[in-house]
Structure formats: structure tokens, C-alpha cells
1. Pick from the stretch A:180-202 the residues that are touching a residue at least 60 places away in the same chain (Cβ under 8 Å) and over 21 Å from the mean Cα position of the chain (by Cα): which of them is farthest from the other protein chains (Cβ to nearest Cβ)?
2. Could you tell me whether A:Ala237 is small (Gly, Ala, Ser) and assigned to a helix (DSSP H, G or I)?
3. Considering only residues that are within 11 Å of chain B (Cβ to nearest Cβ) and surrounded by 15 or more Cβ atoms within 10 Å (Cβ to Cβ), which ones fall in the stretch A:294-329?
4. Out of the residues in the stretch A:74-101 that are within 13 Å of another protein chain (Cβ to nearest Cβ) and in contact with a Ser or Thr (Cβ under 7 Å, 6 or more places away or on another chain), which is farthest from B:Ile197 (Cα to Cα)?
5. Take A:Thr95 and decide whether it is within 20 Å of the chain's Cα centre (by Cα) and modelled with pLDDT under 90.
6. So, in the stretch A:294-306, exactly how many residues are in contact with a Phe, Trp or Tyr (Cβ under 8 Å, 6 or more places away or on another chain) and part of a helix (DSSP H, G or I)?
7. Applying the selection to the stretch B:384-419, what residues are hydroxyl-bearing (Ser, Thr, Tyr) and either away from every other protein chain (no Cβ under 14 Å) or in contact (Cβ under 8 Å) with a residue 60 or more places away in the chain (or both)?
8. With the condition kept exactly as written, say whether any residue in the stretch A:120-130 is among the aliphatic types (A, V, I, L, M), more than 30 Å from A:Phe33 (Cα to Cα) and either without any contact (Cβ under 8 Å) to a residue 60 or more places away in the chain or surrounded by fewer than 22 Cβ atoms within 10 Å (Cβ to Cβ) (or both).
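The values are calculated or read from the model by the stated rules, or taken from the named source; none is laboratory data. The model shown is predicted, which means the values in this text are computed figures rather than measured ones. Here the Cβ is made from the backbone with ideal geometry for all residues, glycine too, and neighbour counts use every protein chain on show.
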Amino acid sequence: MTLSRMTRRALLATGAALTAAFALAAASVAADFPDRQITMVVPFAAGGSTDVVARIIAQKMSEDLGQQVIVQNVAGAGGNLGADNVARAEPDGYTILMGTVATHALNPLILKSTPYDAEKDFAPISLLVVVPNVLVVNPELPVKNVEELLALLKAEPGKYSYASSGNGTPLHLSGELFKSMAGVEMEHIPYKGSGPALNDVLGNQVPIMFDNLPSSSGHIKSGTLRALAVTTKERAASFPDIPTIAESGIPGYETYTWNALFAPAGTPPEVIARLNDSAKKTLADPTVAERMKEFSAAIVASSPEELGAHVKAEIAKWTPVVQDAKIQLD
Amino acid sequence: MDLVSNLALGFSTAGSVENLFFCLIGVLLGTLIGVLPGIGATATIAMLLPITFQLEPVSSLIMLAGIYYGAQYGGSTTAILINMPGESSSAVTAIDGYQMARKGRAGAALSIAALGSFFAGSVSTFLVAIFAIPLTGIALKFGAAEYFSLMIVGLVSSVALAHGSIVKALAMVALGLLLGLVGTDIYTGTPRFTLGIREYADGLNFVAVAVGVFGIAEILRNLEGEKTRTLLMAKVSGLWPTKDDFRRMFAPVLRGTAIGSALGILPGGGAILAAFASYTVEKRISKTPEEFGHGAIAGVAGPESANNAGAQTSFIPLLTLGIPANPVMALMVGAMIIQGIVPGPNVASEQPALFWGIIASMWIGNLMLVVLNLPLIGLWVKLLTIPYYVLFPIIMAFCSIGVYSVNSNVYDLYAVAFFGIAGYLLVKLRCEPAPLLLGFVLGPLLEENLRRAMILSRGDPTTFVTRPISAILLAIAAIVLVVVFLPSIKAKREEVFQEED
């Protein structure tokens, strides 16, 4: 016991010393950062919404940094594999992570063991975008707004199910938060991603769904899905006619998906500053802004400190939701 | 008529010099990566996504689509020549295609695959054009209960896939189902059979397992003796199929096209399932089922047509609903969003040039493929004359690069090695790898949909028979089961085995 604790401490000390040494070495090269290509790890499969955001951002950042920013998809374990890879990467700024609400707030709360510490193992760079979620129903469900849905759910408790992109995803938690704040019953039906879930809602196999606004937006426009409300505090710029859940009888309700850039902890501050500066310039670019708007994503640039505070706030916000809903995965 | 003017718009879009050029690049690249074992369309399209940013939306989607169906063509080449499925959907082609190659009929097998694919591609492209919108309605009627019943049909039919002992075939299906359970349970989030390895949390990689049990196992088996090799080289002759071959491929191609077009619309491995289904059907209705597994022409023509037809029709849910049927289609959705196009039911009305342009380009691309590939067959067959000590290391290297590139996951490579050895042992035990792969593909879908249907019905199992489509599918499964175990047919089967032994 004592021995193992001592070994642990010795290891920690060595680790700290090594980190310091790396930091020193890195500081000297920070001036000409970057002098080779940067890998942006996306912890989800190519083609998904996080991947799309990453590719739009990486493209412009490459132009600004003068070095190629390569997107590498390391999907698996709900984003934990990719995040863990970056947490353990050399802290030199050449390996950065496209983090999300899943990797930096939900997974650490939901999973029994997360291989990394969302706050201690990462150096925040910048928040990038906030993507609203949306509550959609099949048009055959006889409800036009959140109030009518709540009435229906209360009239026949346990009859209706809702679909989400999977267990423990931000969309699942949006549904659980909705249930607990409104005091209604709905059975959760998890799918492997938004696509198959959307398919079953379109076919009215499952009548209700919480989805990312971008993935549902085409169906909302064409009327194949009816949007009842968005999950953000304010209405989405791309759909000003859709009310928020908070203004539809569940005050204080707010969930959204966010994307932010992280480097491994111990990355020199000069390098972080350079990356933050590049991310800011990228987000200010009109073509990027245009793409993000079409994608229903709101641009939120931030300082590294603000992102650090944001992660803390998100963990604090979701802790009671996860505990109330008793979501605990192995 | 609407269809004519729509198609005219499509062909004028796809026929522009620029779009023809990108279509050509797409199918060339697709063929190349299809031929290289392990390197799949998914990885290639993912790598090319950033480049498409600079192109016109139509051009980039035409190119990406070309890579996808080009890979289906190329994949069969590797499957036939070295028993290594270059694409997961050509795993079935390897069974009889490779046996044809071993008998010196590699050229004929390749021509049959190419011509069958072209026919299926042309027909299903028109199906996409005519029925894209109504067919979507059918796909939407498939809920969890219907999918479950469809998977049951698939599993029951898989018994017919085997050409050895029924017990061994069932054992292989069961092993496949068990392997399919590896990974996170989507309903509870519990990791199952992952041995505590987080890299397996999303299950074993299909390409890794397929490359292992088919390809690596075959290499190991070949290393046993150089003798079979020299035999193979000496007998390569006759690139073009004979009149008799044409006569025998005609009906399987038609049936394969029909099966592939139908299954391709359904999300989740349509093309793979179509190839397996077609093989099963051909073997079941063949007058000479004993030929299957020993180089039956129908065993190449049917599945090849089916997987190509499935590859084309899997664009239907993407184009009409914006819902991806497989990982490649998911990437296409990503490509569309990057271009500022929101995939969904509006694409056809808001972007008619894009919608019809892609459809027209598929037919042009299929034509390019057959024109490109027929002359190349002689070249591919020459591959067989490369000595093993050169060919094997190259194959192994490409496999490893390809498998790794999918998820950048080194544990996928360990899986290739493990299943290579396991596959070799299975060959020694005279167990077939094909039913194992089918079980592996269907197992997770079967479980996912069974449990989803049960949750949706709140625990009432009659949901499977009270829903009409599901009931019909279960009835088909029951009929297949009866037919397989009917005394007369059983006797015929046993006869067949005795001939084999």
C-alpha cells in the first residue's frame, strides 16, 4: 500500500518534471510555431456534425497558420478514444482536439471511468460554435406546440416514446431534462446516431425526437417533421419562428451542443495564444460565418480562460441532471 | 413527361466537360482503392473531403459517388484474384470467383463480374430516377419489428450459404452472432466481451474481420506449399466468357439486380446483405448446387450484380430523405453540408440540377467503369503471375494501411492478425467463413431491432405478427426453413455432400 502510494507519488513527480521540461523546450520553439502540419483530432466519425464543423474550421485555420491542419477521425467510446489520444499527446500544439459537450462535460459524468480529466488534462484554446437542439415530432402526432405535447403526455402517461442518437448523448440528456423539468413520462429509444433515429421518426415508428437542429432542418423546412421548440435560451437565428422550450411552459430549460478546441495540458501559453488567435480569425471570416449559419450553428469565439470556465459551468450544470435521471454507463 | 425533362437536365449537367472529368477521376480512384484490399471507399472519401471544398457542389458529389461505386467494381477484382475482399460487399464474390480463378478462369470471372455490375448499375440507376420518391415511402414503413423479421429471413437463408455440414454452418453463424455482440450495448451502455479494451467499445471492425478470415487465412494456407501456385499460373487463359457462360449468367444477373435494388434502399449494410441474399437464392434454385463453392458462374454473376445494384439504390434514402444508409452515405451528407446544401426532401425540388446530375452521372460512371475495366482484365490477371514472396508482403502492407486508415485504431490491426489465424484454423477444420461473416453482420442488427421492437410494444411479442410486413417476412422465413428440412431436399443435400467428400 505504502509502496504503491510512494511509487505513485514518484511517478507523479517525474511526470511533473517532464511536463516542465517539455514546457521549457516548447517555449523556445513557440516563436516559430507552427513549422509543420497540425493534427486536429475529431473524436467522432467522419460526416457527422462535429466533423463538418472541424473540416470547415481546419480549412481556414490552415490558410491563417501557413501549415496544413489535418482532420483525423478517431471515433469510438462516445468520443472518449479521440479525447484520450489528445490528452496523452505531446503538449506542443501540433495535436489538438475538436472537443464537444460530450467529451468535456457529459462523458465524465455518465461513464463510470473516463480515462482523462476533462479539466486537468487539457489546455483550453477557444470555444467555437453552439448548435441548438430541437424537439421535433412526426406531423401525424396531433400536437402543434410544447403545451399540447405536455397535455398529451400527461393524459396518457407511458404511452409515447422518444428517439435519440444514443444512450448518454446530449440529445438523450435533453430528453431526460425535459421529462424531469416537466414531470412527464416518455420511453427513451436509443439509436446508433441521428440518421437511423430520424428515419424512424419520419416513418412514425417513434413519434417524438430530440435532434441536432442541423440534421433536422431540411425536414422542418419541407414539413416532413414538425418542430415544436428549440432547446436554447434564445431562438435560433436560422429559424426565428420556432419558439424555445423555456418560453413554452418550462422556464429555465436550456441545452445545446457545443464545439471547442483543446490542446493537451502543458502546451506553452504562446502556442495556445497563436491557436486562439487563428481560431478567432477563422470564425470572423465571412465564408465561414455563412457556412455556419446555413448549418444553424451560432459562432461563439472565446478566450482560453473563458473556455475553461465554460467547461466548469457545463459540468456543474449537468451533474444534477445526470444524477436525477440516474444515467450511469459502464 | 417530367422524367424525360428531368433526365435531360441531369445528363446535360453530368455531361459537361468538367463533370465528366471529375466522374472519371472518381471511378478511377474508386477502382484503384477497390482493388487494394482493405483500403475502402469510406477512408478515401474521408481523406478527399477537404479537397471537395474548392469544387462545385455537383462536381464534388459526382466524384465522391464515382469513388463509391468504382470501389464496388474494383473490390471484386481482388476478391476473385487473391480471395481478398477489397470491399466488404465483395466478400461473397470471393467464394466462387476465387475458385474460378484457381481453375484458370480468372479472366472469365472478372468479365462476368464487370458485365453483371454494369447491367445492374444501369437498371438500378433508372430505378433511382423513376422510383426514388415512391420507394422512400416503403423504406419508411420498415420499423424495428420489420427489420427484425428481415434479419430472421437472412439468418435462416444463411444455412443455404454453406456447402458442407449443416452443423458446421450453424456453428459458424452462431460464432458470427457472438462476435457481433462485442462492443457497447446501445440500450444500457454496458461494454460486452471487450476484455476491458476501450478500442473495442464500438465493436469489432467488419473490414478487419473480413480481411482476416478471408485474406490472411488464404495467404497462410497458400504458404503451405508453392505447388498449387504454379498450377494456377499455368492455367490462366481465356479472358472472355464463352457463349455458355453468357447463357448461364443471364438469369442470375437479373435476379441479383432485383434483390440488390430492393435491399439497397434499406439503411444498414444494404449492399452486403444483397450480395449474401443473392448467393443464397442462386444456390437454392440452382439445378447444380454442388457447383457452388467450386467456381459456379451464378455464384459470381448474382452477388456482383446485387451488390452493385444495392450500391446505386442506397443513394435513394440519401437523395430523398437526407438519411445515410451506410458510412459512405454519411460522408456524402457531410460533403453536402460542407457545400452549404442541407440534405433532405427539398434537394430534388430546390436543386434539380444537382439531384438529377448525380443520378445521370451514375449511369455515365458505370459506362466508364466497364470501358475502363474490360481492357484492364488482362493486366489484372497478370497479377497472378507475380511470385508469392513479392505479392504477399505487398498485400499484407496494403491491408494493414487500409484497415488502420478507417479509424486510426491499432486494435483493428490486432483483430486482423487474430482473425487471420482463426480463419486459417477454420479452413483446416473445413468450416466456411461466409456464414460467420453473415452472422457477424446480422447479429447486432437483429439484437438492436428485436429489443427496440420490444421496447416500442412495451414488452408485447405479438408485435412481430400483428404488423403485416413483419408477419409476411416471418412467413417467408418459416417457408425457407421447411424447404431446407423437407425430407426430399434433405436427401438431395446429403447426396451433394457425399459427392464433395
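1. Residue satisfying both the conditions and the ranking: A:Met181.
2. Spelling it out, it is not the case that A:Ala237 is small (Gly, Ala, Ser) and assigned to a helix (DSSP H, G or I).
3. Start the filter on the stretch A:294-329 by keeping residues that are within 11 Å of chain B (Cβ to nearest Cβ), which leaves A:294-297, A:327-329.
Passing the criteria: A:Glu294, A:Phe295, A:Ser296, A:Ala297, A:Ile327, A:Leu329.
4. Here the residue is A:Thr95.
5. no
6. Let us first name the residues in the stretch A:294-306 that are in contact with a Phe, Trp or Tyr (Cβ under 8 Å, 6 or more places away or on another chain), namely A:296, A:300.
Then drop every residue that is not part of a helix (DSSP H, G or I), which leaves none.
Here the count works out to 0.
7. B:Thr385, B:Tyr388, B:Tyr389, B:Ser400, B:Ser405, B:Tyr411, B:Tyr414
8. no
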